[in-house]
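Values in this text are rule-based calculations from the coordinates and carry no lab data. Keep in mind the model is a prediction, meaning the values are calculated, not measured. FYI the Cβ positions are ideal-geometry reconstructions off the backbone, even for glycines, and counts take in every protein chain you see.
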Amino acid sequence: MQIEPNKILIIGARSKVAEALIRHFLSLTDWKLILLSSGFTSTVQVDRITCYPYDYNQSQHLTKIIQNTLPTFTINCAAVTDVDSCEIDRKKTWNINVNLVETIARICKITGSHFIHFSTDYVFDGAKGPYFETDIPNPISYYGKSKLASENVCLTSDVISTIIRTTVVYGSSSYSHSDFVDWVIKQLKKNIPFRVVTDQISNPTLTDDIAFTLIRIIDLHKKGIFNIAGFNWLSRFEFAQLIAQIFELDESLIQPILTSELSQKAKRPLKGGLLTLKAETELGVKFSTAEEGLRILKDQQINKLYQNLM
């Protein structure tokens, strides 16, 4: 008897992480993909992919899609991630980051779909990072509080679930979604000095590493909390310097500043980041160094530029 391939539902399918997941799932597996995004304008089915437009305020629509498609795994990539915006529009933040997760968890429990949800090192206060999965969270921003609440939904709803914590995510995007690497490159190309904090420390994470690890989690049906993060623990300032070096831009334009000197609405964890020993041992994965990740990204951007010229 031929085994039916996994059917994977991805919510927030135009996000940067989702794009990497889709790219790797299509190239490395035979899985069928069901993609939901508010950016889609109509339902489209091509080969192994079915795309559905989705309004995040319409929970009944999501219920209908999941009940009709019965995915083996449901991956939630939808979230409000702008930390300062989360402080301003708390209603929207809670609706997407918590209420949506409650809806997904409830439907997955009914259908038996394995729920995979993304979280962040911002669930910690940054007093003594990097953090293990077992360290006690203590968020200091509304964004962090909303993500911790979403984790608790998964852990207390009796749904089969996996929580992925990650940090400073960067990678290729076809939809002009910005990240720290994009921002630094754009600033450097202006050829005007700009400031980057020296006291916010974490381990930047390539979206491709997240995708490879998700394949392992799905193959092994792993549950619980897993940290997925880059190999190097370094400050935003050090990472910005490395970005300039890899992309051959003027490193001297990057000026140091402390977080306390900025007028940011949300508090940031200073010593953040994540320890990945659990993922490495249980999943058999290795994570890219910051230099390796940036070189992969640079090659992807060059290849994309070349393809657009053809």
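Odds and ends about this structure:
- Per residue Cα convex hull volume in Å³ - calculated over the stretch 88-157: 83 Å³
- The chain: antiparallel DSSP beta bridges as a percent of all, rounded to 5: 10 percent
- Longest to shortest principal axis, alpha-carbon extents of the stretch 74-231, angstrom: 55, 34, 34
- Degrees, to the nearest 10: 142-156 long Cα axis against longest axis of the chain: 30 degrees
- Cα-Cα P(r), the stretch 46-142, percent of pairs per 10 Å interval: 13, 38, 31, 16, 2
- Across every pair of non-identical alpha carbons in the stretch 1-85, the mean reciprocal distance, once inverted, gives a Kirkwood radius of 13.5 Å.
- Of the residues L249, Q60, A105, the one whose Cα sits farthest toward the positive end of the charge dipole of the chain, with +1 on the Cβ of Lys and Arg and -1 on the Cβ of Asp and Glu, is Q60.
- Surrounding net charge for I302, when Lys and Arg each add one and Asp and Glu each subtract one, Cβ distance under 13 Å: +1
- Between 0 and 90 degrees, the angle of helix 207-220 with respect to the longest Cα principal axis of the chain falls at about 30 degrees.
- Across the stretch 251-310, the convex hull enclosing all Cα atoms gives 202 Å³ per residue.
- For the chain, adding -39500 (n - 2.57) for each run of n ≥ 4 DSSP H residues and dividing by the number of residues yields -12000 deg cm²/dmol at 222 nm.
- Violating pairs (Cα-Cα greater than 22 angstrom) within the set K189/K304; K145/K267; K16/K271; K147/K298; K147/K265: K16/K271; K147/K298
- 0 to 90° range, to nearest 10: angle between helix 59-69 axis and the chain longest Cα axis: 60 degrees
- Along each principal axis, Cα extent of the chain, largest first, Å: 60, 50, 39
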